[in-house]
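These notes concern the structure reproduced below.
The values are calculated or read from the model by the stated rules, or taken from the named source; none is laboratory data. Treat the numbers as computed from the prediction; the structure is a model and nothing was measured. Because the Cβ atoms are built from the backbone with ideal geometry, glycine has one as well, and the counts that use them run over all protein chains shown. Accessible surface is based on the protein model in full, side chains and every heavy atom, while ligands, DNA and RNA are left aside. Shrake-Rupley method; radii C 1.70, N 1.55, O 1.52, S 1.80 Å.
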Amino acid sequence: ETMHFFGVGFCSRGTLKDRIAIPLHDSEGKLVGYAGRVIDDAMVTDDNPRYRLPSRREHGGTIYEFRKTLFLYNGFRIKAPCEDLVVVEGFPSVWWLTQHGFPSVVSLMGSECSEEQIELIVSLVRPSGSVWLMPDGDKAGERLVQTFLPLVSPHRFVRWVKLGEGRQPTDLPALTLKADLSA
């Protein structure tokens, strides 16, 4: 049901062959490409990365270049400024949190946050609202917190949901999520 909601499927051909295909939509909901994730992490190598994002391409004489720094995964579903917005690093965390009752969740699609993404995050949250940052429990997640907090906190209240070492939002059971995101 969750995968159907997000339009996630399996790709059997092209550059995303044998990968999970994840539709990417801009802030207006227009499909801008697909991300592909390997099925088996044991297959990840330098030549076969865990995620493959849309490459530069030409169509009808126009060159299209995907830049993940210009939008938020799942951001198009948040139609009006919300009271609480959860920000995570990866696609599966968005799926997991949405599945467990948190519809206002976006992903940065990595452990870095651009100025454009900061502006989008601030615009999605009411001035009286809160941003719940839930990065992975690793060094990259800690670096994200160090850059994210000073940029967002002057505009919105930010709460860091700190996960244990090596943990991701998808490791948390539903009851723990509800406790962590309502405290």
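Couple of notes before you dig in:
- In nm, spacing of pseudo-spin labels at Glu65 and Ile118 (7 Å Cα→C-beta vector): 2.3 nm
- Extension gain for Thr147-Glu58 works out to 28.6 nm (0.36 nm per residue, less the C-alpha to C-alpha distance).
- Net charge contributed by nearby residues that have their C-beta within less than 9 Å of Thr69 (K/R +1, D/E -1): -1
- Given in Å, the Rg to one decimal and the Dmax to the nearest whole number for the Cα atoms of the chain are 16.4, 52.
- A simple spin-label model places pseudo-atoms 7 Å from Cα toward Cβ; at Asp46 and Glu1 they are separated by 4.5 nm.
- Heavy-atom surface of the chain, accessible at 1.4 Å and reported per residue (Å²): 56 Å²
- The chain - percent of accessible surface contributed by carbon and sulfur, probe 1.4 Å: 53 percent
- Each of His100, His4 has its accessible area taken with a 1.4 Å probe; listed largest first, they run His4, His100.
- Relative contact order (%) - criterion: Cα under 8 Å, at least six apart; region: the chain: 16 percent
- Percent RCO, i.e. relative contact order, over the stretch 99-183, from Cα pairs under 8 Å lying at least 6 residues apart: 32 percent
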